[in-house]
Each structure stands twice: as C-alpha cells, then as structure tokens.
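The values are calculated or read from the model by the stated rules, or taken from the named source; none is laboratory data. Computed from a predicted model, the values in this text were never measured in an experiment. In this analysis, Cβ positions are derived from the backbone assuming ideal geometry, glycine residues included, and neighbour counts consider all displayed protein chains.
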Amino acid sequence: MKVVTGVVGNDIHVVANRLIDLSLQARGFEVFNLGVNTYLEEFIDAVIETNADILLISSLNGEAEGWCREVKILKSKYGNLLDEVVFMIGGNLVVGTGSADDIVPRFKNYGFDLVFHQVDLNTGLDALEEFMKERNA
Amino acid sequence: MSLLQEERNIILNNEYVDNFDFAEVEEFVKNASKNLFISHNFKTKKKMLVQPRGGFPTYNKMFALYEFFDKAGVDVLPCTIDSNTRLNDYATAQKMLRLSEENEVDMLNGFPLINHGYRTARKMMTHFDKPISLRHGTPDARLLIETAIASGIFEIEGGPITYLLPYSKNFPLDKAFLYWKYVERVCANYSKLNEPINRESFGPLTATLVPPCITIVIQLLEMLLSLEEGVKSFSVSFSQTGSMNQDIVMGAVIRKLAKYYSHEIGVDDADIHLVYHQWMGAFPMDPNFASQLINMSTVIASMVGADKIITKTNQEAAGIPTKEANAETVANTQYTLRILNGLPSVVDKEEEENLTLEVKAIMEAVFNDSADTLWRKVFNSIKNGTIDVPFSPHIINNNEMITIRDAKKNIRIIKRGKVPIPDRCFEYEKRQCDLTKDTTSIVNDIIHDIGIMQ
C-alpha cells in the first residue's frame, strides 16, 4: 500500500517525520515522504500523483488545526478522486493543552478517518494497519 | 571598484541601514581594543573560554543581560539574533522591536541587530571590552555580518552548510554558498586591519544522532571554504555526543585533521580553535538534573581540551532562559573549570584510526568530484548523498543514512546510504551494535537514543 506523509504547515520538526517514514517502511508500506513544512495542497497533489491509499499528516507545533479545517473544502474540489483515500493525522494537534476526547471528534469532522493526539507512534500505526485490514476485508 | 565592493554598496544601500560609512567603519576596526577580538583572547587567555547563549529584543534588556554575564565572569558575550532577521525579514523585526519597546514584553527571540543599527549597537558591544560572538542561523547573512563587524562583533558563527541543513527545507544551497563566500571575504579583509576576525562553524548540526565522521567532514569543509578566502582565525566545533569516549576521540581527530587539511591547501598561518557545545539535544525538565547534565558537559569539554565552551541553562527544557539562569550557568561553569585539575589523558587508538579513515574517505570523495571549485564539489557531494546529515529537514539532503547508539552510547552508523564509509569501518561500526532486532524495535531504540538525557 502507498502512503503519502509529511508535516503540515510551517512546522519544521523533522525527527518524528523521519521515524514515521522508517516505521512505515518497516511495516511494508511504500512511502512518499514530503518532509516538513508541507501545505495541504501539496499533500493532495502528491496523493493524486502517486495514487496513494493513505495520507498520513503529522504535526508537532500545535498549528495543525488551523491548516486542517480546510480539508473538507479541498476534498470537495477533487470530485470523487479522493473518496477511497484514508486520511490520517497524528502528533500534538493543538496549541496548549487539550483532551483527546474533544480533539478527535473535531478532527474527524474536518474530514479525517483516523486521529491520534499525543499517541505513541507504534500504537497509531498498529491502529492504521487494523483499520486497513477491516476496510479491505 | 572591485566586484566585492560593488556588491557591498548594493547590500548596504538599504532602507534599514542608515548611511553606512565604509571609511569610518574601517577606522573603527583598525583602532578597536584588542580585547574585543576573540582571536586575541584565544592567544592570551590560558583557559577554556566560557560563552553563554542569549539575546533580547530591546537595547536595555540586552545591556542588562550583558551586565549579568559580566558580573558572572563571562569570557565571551553572545549576541543571538532574532528569527525574522535570520530570514531577512527586517520589516517584521522592526515592528516586533517597537512592540517590545512599547509594552515591555519580548516579541522577538533575539536581538534585531540591523534594526538597532551599528551606531547604536556599537556603544553596547564595545562597552564591556569583551569579545562578542554573533549567533544566528542566517543563510544570507551579508547585511547582518557587515552590521555586526561595524558594531564591534568580531566573531561570526555559521556557514553555508551548518546554517542551512539543520534549519531550512528549501532555501537553495548553491545560493547559500555564494552568500557565505561574501561573508568570508569581508571577514578576511577586515582581518588585515587589526587582530583577525574569527569565523566559527556550527558543529552540532541537527544535534540528533549525527555520526562523528559527518560532523568532522562538514567542519573541515567549512573551514577550508573560509581559509580559501583568506580568513586567518577559525573555530571548528561539535556538541556532546552522549559518550565521553566518543567526544574525546572526536576532539583528537578533528584537531589533527584540521591541521592536515589546512596544510594541504597551503594555509599554515591560520589559527584553528576547537569549540565544544554542552548537550544540544532534548534536556530533562527537572532543573536539578539539567544542572547536573551541564556540569558533566563541562567536565567532558575539559577532557576534550576545548578552547571554548558554549553553555546551556537549567531552564533549557522550558524555553528561553532568564538572564539570571543564564548568568548562573556561566558562574557554575567557571567554578567547575577552576576546580577541575589533574585530568587524566585518554587516548583510544582504535577508535581514532577508524574515525580518521572514515573522514578521509569522505573528504577524498568530495575532492574527487569533477566540479572546478571547492564549493561546487561540496554542493554536488551533498546533492548526491556523499554527505548525508541525519534528521536534516532540507530537501537536498539524501536522508538515507541511519544511526543508532551502541551499548556504550556511542553513535554508530548502521546504514551508510551513499556516504563512502570504507567497508572495514562500516563493519566495525555495525559490530558494536545489536542488529538482530526487527526494524520496529530499532525505530524504538532510535527514539530512545535521541532522548537519552531526558
């Protein structure tokens, strides 16, 4: 399966991004890593260009919400091209403190299928694999 | 008029520069107190120089910080520049400086030197009669360096590789080389007037599991690019790796090879210094633990035999430190240095030989590139992965090399990518590590190895 990944917005925190890349590869995914400082439009372009199954956005600096509000609007511009693509986001998703109970539904409402706020990397990727297995069953 | 002078005229004819007087600045550098030059301090002070980090937006706060440092017995004052100036956004820096002045809230994470102007800044920079080091992170530092030297700041940190690969995703690397060439030339020209201007490279890079051979290669290349343009005083640097033995080995190898390669390009009259950065990775939240870590770094710097140490504070994990915490580290570090006596001499021949072979193999590959000038050879070598910096966010970086810590916490290369590590050395590196684990466990180990001091 193909995954496009990267860090959204003006966030330059690269360490987790590299680790996500390595971990996805170790789990047998084909990874297209756009790196840090990537805009939503660039993600969508890459998903279409590579015909990816999954878009995995990460964010550390807490600015993700500002960028990800636009996901639904952007998705609608592409007709049914993105209907089969799984949208996942993980990391530290808000500025300051917040509870996952509030944050997860909010981000699902923005158009994400899987949302992980301050969740360990491998737990998140296990959940992704589980989700894909059920979906393709 | 020389091409360089033409370029200088263009750079300094700028709405943010109030009438740059070349003749007056030359006269100022010529007659400046020798104590302001760190190159002079390296020669005369028979101790490891202690330099903290720090910068505030307003003149008054910056001056107060310097007063604190001065009282704490600092050897070298820092002038850390704000992030807008680093990105050449002087308009935003100007606005934030005004807001900081009017509201007494710091709206910048450093000193906006260009907005203050050299005539104002010079009063502060010369007031304490101590050398000042410019700390920034600017790919295009031409205007900043002109303003710094005119202000009395005679040490310039940075370089085209070390200020780009850790900090930027897509600033063009070839441009960075050309902008830094300008910096080297300006520093070299001013160096003829009084004591030399010291250039310092930024060895910590991403401060995340960077293997010693990559750090040393980049230090040597930035040194050569600088000496090539006529700089006569240069500091190579690196940061604490997490293994005392690896630090000592690095110190020994970098000193030897700096001398070897400067001789190779026919420069024997330049002074080369060694700078050690206290731990640059993630710090413990507990300020007491942080103080212990800082103290240990100072001990290692002594074992390494560094000429200068750059300090952290016990508030590192919490954000920008107060001037009190910053001054406290200076006083503590000076105390530790004073009571550290009778240090044993540690030499690890096997490790030194392995590291030397790795560095020489990479340097040879860089020199063998078919380009006509050194900067182009280096540029090509980064582009084709001969030089690969772990965890660099820059798109030009190859990102293939993987490193991990061995049982003794030395940083080891377990995947070399396109970096020409000789087979023998690569086998040696891998032999020190447990590679029987699956990749997921290795990724977990990497996460652990990054946060080793927390």
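Below are the figures for this structure:
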read-out: Failed condition for B:T436, given (1) within 14 Å of another protein chain (Cβ to nearest Cβ); (2) of a type in the set (V, I, T); (3) loosely packed, with under 15 Cβ neighbours inside 10 Å; value: (1)
read-out: Filter result (of a type in the set (D, E, K, R) and either crowded, with 23+ Cβ neighbours inside 10 Å or under 27 Å from B:A176 (Cα atoms) (or both)) within the range B:96-148; value: B:R135, B:D140, B:R142, B:E146
read-out: Residues (closer than 24 Å to B:N41 by Cβ and part of a loop (DSSP other than H, G, I, E, B)) located in the range B:322-340; value: B:L340
read-out: Set B:K377, B:K409, B:K430: member being touching a Ser or Thr at 6+ places or on another chain (Cβ under 9 Å), more than 24 Å from B:L220 (Cα to Cα) and not hydroxyl-bearing (S, T, Y); value: B:K409
read-out: Number of the exception - B:P284 against (1) more than 22 Å from the chain's Cα centre (by Cα); (2) within 30 Å of B:P420 (Cα to Cα); value: (2)
read-out: Matching residues, the range A:83-137, being in contact with a helix residue (DSSP H, G or I) (Cβ under 9 Å, 6 or more places away or on another chain) and on the phi > 0 side of the Ramachandran plot; value: A:G91, A:G111, A:Q118
read-out: Pair list, Cβ < 8 Å and 6+ apart or interchain, from the range B:126-153 residues that are within 17 Å of B:F37 (Cβ to Cβ) to residues that are acidic (D, E) and in a loop (DSSP other than H, G, I, E, B); value: B:K130/B:D75; B:P131/B:D75
read-out: Candidates B:I414, B:I396, filtered to the one that is within 12 Å of chain A (Cβ to nearest Cβ) and without any contact (Cβ under 8 Å) to a residue 60 or more places away in the chain; value: B:I414
read-out: Residue that is farthest from the other protein chains (Cβ to nearest Cβ) [pool: residues in the range B:399-411 that are touching a residue at least 60 places away in the same chain (Cβ under 8 Å) and surrounded by fewer than 18 Cβ atoms within 10 Å (Cβ to Cβ)]; value: B:K408
read-out: Test set (1) over 22 Å from B:E155 (Cα atoms); (2) within 20 Å of the chain's Cα centre (by Cα); (3) surrounded by 23 or more Cβ atoms within 10 Å (Cβ to Cβ) - B:S233 fails condition number; value: (1)
read-out: Pairs, first under 12 Å from B:L337 (Cα atoms) in the range B:296-319, second of a type in the set (A, V, I, L, M) and assigned to a helix (DSSP H, G or I), C-beta under 7 Å, six or more apart; value: B:T298/B:L337; B:I300/B:M244; B:S302/B:L337; B:M303/B:M244; B:M303/B:I248; B:I309/B:A301
read-out: Selection count, the range A:91-123, where residues are closer than 21 Å to B:I447 by Cα and either touching a Pro at 6+ places or on another chain (Cβ under 9 Å) or modelled with pLDDT of 95 or more (or both); value: 1
read-out: Strands (runs of 3 or more DSSP E) wholly inside the range A:1-100 that include at least 3 residues being away from chain B (no Cβ under 11 Å) and crowded, with 20+ Cβ neighbours inside 10 Å; value: A:2-7, A:54-59, A:86-91
read-out: Enumeration of residues in the range A:103-128 that are within 14 Å of chain B (Cβ to nearest Cβ) and touching a residue at least 24 places away in the same chain (Cβ under 8 Å); value: A:V119, A:L121, A:N122, A:G124, A:L125, A:L128
read-out: Single match in B:N35, B:N84 (criterion: surrounded by 13 or more Cβ atoms within 10 Å (Cβ to Cβ), assigned to a helix (DSSP H, G or I), at pLDDT below 95 and not β-branched (V, I, T)); value: B:N84
read-out: Every residue from the range B:150-176 that is buried (at least 22 other Cβ atoms within 10 Å of the Cβ) and assigned to a helix (DSSP H, G or I); value: B:A150, B:S151, B:L173, B:A176
read-out: Check on B:L343, part of a loop (DSSP other than H, G, I, E, B) and either aliphatic (A, V, I, L, M) or without any contact (Cβ under 8 Å) to a residue 24 or more places away in the chain (or both); value: yes
read-out: Breaking point among (1) of a type outside the set (S, T, N, Q); (2) surrounded by fewer than 15 Cβ atoms within 10 Å (Cβ to Cβ); (3) away from every other protein chain (no Cβ under 14 Å); (4) touching a Lys or Arg at 6+ places or on another chain (Cβ under 8 Å), for B:E429; value: (2)
read-out: Residue count for the range B:157-168, restricted to those that are within 11 Å of chain A (Cβ to nearest Cβ) and closer than 19 Å to B:Q51 by Cα; value: 0
read-out: Selection within the range B:228-250 - over 20 Å from B:S345 (Cα atoms) and part of a helix (DSSP H, G or I); value: B:E228
read-out: Filter result (surrounded by 16 or more Cβ atoms within 10 Å (Cβ to Cβ) and assigned to a loop (DSSP other than H, G, I, E, B)) within the range B:262-287; value: B:V267, B:A270, B:Q278, B:W279, B:M280, B:G281, B:A282, B:F283, B:P284
read-out: Candidates B:F154, B:F171, B:F202, B:F177, filtered to the one that is more than 24 Å from B:L274 (Cβ to Cβ) and away from chain A (no Cβ under 14 Å); value: B:F177
read-out: Which listed residue, of B:V419, B:V443, is closer than 30 Å to A:V7 by Cβ and without any contact (Cβ under 8 Å) to a residue 24 or more places away in the chain; value: B:V443
read-out: Checklist (1) part of a loop (DSSP other than H, G, I, E, B); (2) more than 14 Å from chain A (Cβ to nearest Cβ); (3) among the small types (G, A, S) applied to B:S381, failing item; value: (1)
